[in-house]
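See below for the structure under consideration.
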Amino acid sequence: MRLEKYIARSRVVELESVDLKGALEELLTVATKSYPDLRRETVLRSLLQREGTMTTYLGQGVSLPHVRVKMKRRYLIAIGRSREGIRHDGGLKDENIHLVILLLADDRARDYLQVLASIARLVKEPDLVEGLVQAADPAELYDRLLTGLGGILTRPVQAHQNRVNRLMIREADRVARGAGCGAIMVFGDTFVGGIQPGSWFPRSKTILVTRNLVDLDDDDDDDRHEVIQVRSFSQQRLAQLRSAMFVALTRGLISFNDRICCVGGMAGSNQFDTVVIVDVEREFQTLLSGHAELLPEDVKPEVLERVLAIATEIGVEGREGKPVGCFFVLGATPEVEKLAKPLVLNPFYGYKEEDRNILNPFMDETIKEFATIDGAFIVRGDGVVMTAGSLIQAADSDHVLPSGLGSRHAAAAAISVVTECISVVVSSSTGQVMLFRRGVMLPLTEKKGR
């Protein structure tokens with residue numbers, strides 16, 4: 001969705017307060033001015049209560065306080081900038097808040113967590129945040145923010161059309177049509193700054209695969225152009241291929257009967273040099289095992305995508321400079337819980353489901369911190385994290401895992417056999433992310449170089 005339609009120039013202000021409570025009062029004053037049905041004191045109390053439970057500080061001097069309220073509008077956004085900085089309890093020592101983005105959502109808004117995540121991802125862009133903080137006045141801040149929310153700053157630019165790239169694009173189009181491909185998958189990280197490949201293949205469905213956030217316009221009725229965001233930390237050609245294919249399948253962008261033409265090159269090389277035809281059914285044949293469905297019916301595609309993104313980050317970054325392994329079990333929660341035993345007190349017990357949903361951007365650091373605990377995260381199909389540190393007690397004698405894989409992988413394989421779930425494992429020794437479905441292992445990333 002396009003968030004800029006919920007921001008008014010009059011709701012972008014210079015903050016005078018030196019603490020978060022005062023800043024929230026200032027923002028609520030401008031936010032509720034045109035909406036008398038919103039009781040400012042009640043909303044402020046809810047915001048402070050949430051802040052006391054879990055900080056809304058995102059880092060880089062940005063705070064994103066948010067709350068659901070009963071109101072006539074779906075969303076209401078107010079932005080405040082503090083040059084001097086605001087004291088708070090959620091950051092490092094001497095790290096103040098310089099930008100406060102207040103999000104009020106109607107309690108019936110269904111895409112609340114997705115909107116929250118979109119804003120959080122946007123303000124993690126250092127260049128954009130610095131530009132907002134350094135803006136000359138609120139009017140300039142509004143213009144810069146509107147540009148960022150509209151995707152202009154983060155939208156890919158056209159790649160240089162040199163002779164070799166033009167040849168590769170032309171031949172890829174010809175090969176795709178000759179092979180009867182259902183879509184052309186373009187790996188955009190080949191180019192520094194990204195690309196917009198839609199115009200290259202006007203007669204074909206195009207899927208752009210990139211590590212960057214690219215927001216397509218909601219008003220665009222052309223469903224032939226799709227974007228899949230898959231993080232990759234490898235410089236090898238088509239390193240994101242298997243993960244991107246899996247995500248495309250779970251979203252319904254491609255089917256098992258499709259052939260996909262993939263076009264890419266070395267990451268950052270600005271040069272296409274590879275065209276590959278992938279038979280989807282053959283690529284995922286072992287994972288299907290005679291079944292038509294890949295994703296359990298109670299698991300939402302966006303939840304699986306978020307788990308894979310967090311798992312990839314853990315696999316590469318570890319925690320505090322040390323390698324970390326972890327284990328997620330998605331879906332079939334009632335059956336999984338019968339086979340789970342807590343190793344520690346449940347750190348998520350007592351929190352609202354919305355606050356412990358893995359789609360909530362404020363959960364990222366929490367998940368990464370608790371990944372250091374032995375045991376599995378049990379995640380409901382809608383994204384709610386039920387427990388961490390759970391011992392999975394399931395047995396599987398029908399599948400033999402490759403040598404070198406430990407008890408975490410064995411438990412992931414077994415639980416995916418005895419229940420209709422998906423397991424995702426990060427190897428502590430290699431950082432490789434593996435997915436298990438019906439006992440079959442699917443490596444999604446390469447082993448991290450040592």
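The values are calculated or read from the model by the stated rules, or taken from the named source; none is laboratory data. What you are looking at is a predicted structure, and each value in this text was computed from that prediction instead of being measured. With ideal geometry, Cβ positions are generated from the backbone for all residues, glycine too; neighbour counts draw on all protein chains shown.
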**Contacts under 8 angstrom Cβ, first residue in segment 190-209 being assigned by TED's automatic domain parsing to the domain that holds R224 and farther than 17 Å from I260 by Cβ, partner at pLDDT below 85 and β-branched (V, I, T), 6 or more apart** = G193/V157; G194/V157; G194/T210; G194/V214; I195/V157; Q196/V157
**Request:** Test I367 against the criterion of being outside any loop (DSSP other than H, G, I, E, B), within 18 Å of V424 (Cα to Cα) and of a type in the set (V, I, T), and give yes or no.
**Result:** yes
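Out of the residues in segment 17-42 meeting the condition of being in a helix (DSSP H, G or I) and acidic (D, E), tell me which one is modelled with the lowest pLDDT. First the steps, then the outcome.
Step one: filter segment 17-42 for residues in a helix (DSSP H, G or I), giving 20-31, 40-42.
Going one step further and asking which of them are acidic (D, E), we end up with 25-26, 41.
Working: E25: 93, E26: 92, E41: 89.
Restricting to residues being in a helix (DSSP H, G or I) and acidic (D, E), the top hit is E41.
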**Fill in**
When restricted to V384, V379, the only residue surrounded by fewer than 22 Cβ atoms within 10 Å (Cβ to Cβ), modelled with pLDDT of 90 or more and either within 24 Å of Y349 (Cα to Cα) or in contact with a helix residue (DSSP H, G or I) (Cβ under 6 Å, 6 or more places away or on another chain) (or both) is V384
**Request:** Taking P334 as the residue in question, decide whether it is in the same structural domain as T419 (by TED's automatic domain parsing), on the phi < 0 side of the Ramachandran plot, surrounded by fewer than 21 Cβ atoms within 10 Å (Cβ to Cβ) and out of contact with any helix residue (DSSP H, G or I) (no Cβ under 8 Å at 6 or more places or on another chain).
**Result:** yes
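Tell me which strands (runs of 3 or more DSSP E) are completely within segment 237-341 and hold 2 or more residues being closer than 28 Å to A394 by Cα, or say none if there are none.
Numbers: elements: 259-264, 274-279, 326-330.
In segment 237-341, the matching strands (runs of 3 or more DSSP E) lie at 326-330.
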**Request:** Output the residue which, of all residues in segment 14-40 that are over 32 Å from the mean Cα position of the chain (by Cα) and among the β-branched types (V, I, T), is nearest to K70 (Cα to Cα).
**Result:** T29
**Item:** K352 being closer than 27 Å to A414 by Cβ, free of Cβ contacts under 8 Å to residues at least 60 places away in the same chain and among the basic types (K, R)
**Value:** no
